[in-house]
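See below for the structure under consideration.
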Amino acid sequence: MSSRSALARISAFIKAKRRERGYGLRAAAGESGLSPSTLSRLERGVSSSLPDADTLTKLAAWLNVPVGRLLSDEEREGSQENPELTTPEVVEVNLRADKRLAPKTAEALARMFKMLYEQFAEAEEKTEVKR
């Protein structure tokens, strides 16, 4: 398990939870017991190392997953523990976990993909409406 892939997984879990609940950063931080700055840093994937044990414990409790699931590279298909990610989020997690890419490069590629994805998805929706 690389710390980079674990950080990408943690980021995905946080994004999915916040989106699912419709929480802003402060509400999520208040509920999780973490500071807004810590939660933001973890969600953006800009941390240079894994969180300490106390932070991981609070995060796992808030996300309702075992701590090991946050750190594991193992995928569990069909598991209730998998966050429901959008396609751009899945791509972002994979880009961040790619050891050949610098973190800033992975972030830039993820932003570009998300922008293109949204443009094409919007165009597809308009085409469907016209049919």
Inset, instruction - Taking the Cα centre of the chain as origin, work out the dipole magnitude from +1 charges on Lys and Arg Cβ and -1 charges on Asp and Glu Cβ, in debye rounded to 20. - result: 400 debye
Inset, instruction - Rounded to whole Å and ordered largest first, report the semi-axes of the equivalent ellipsoid of the chain derived from its Cα gyration tensor (root of 5λ). - result: 27, 18, 15
Legend entry - Between helix 3-21 and the chain: long-axis angle, C-alpha atoms, 0 to 90°, nearest 10: 70 degrees
Inset, instruction - Would you mind estimating how fast region 1-45 diffuses translationally, via Stokes-Einstein at 20 °C and 1.002 mPa s with the Kirkwood radius over Cα pairs, in µm²/s? - result: 204 µm²/s
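Read-outs throughout are calculated quantities, based only on the coordinates presented, and are distinct from any laboratory measurement. Note that the structure is predicted; figures quoted are calculated from it, not measured. In this analysis, Cβ positions are derived from the backbone assuming ideal geometry, glycine residues included, and neighbour counts consider all displayed protein chains.
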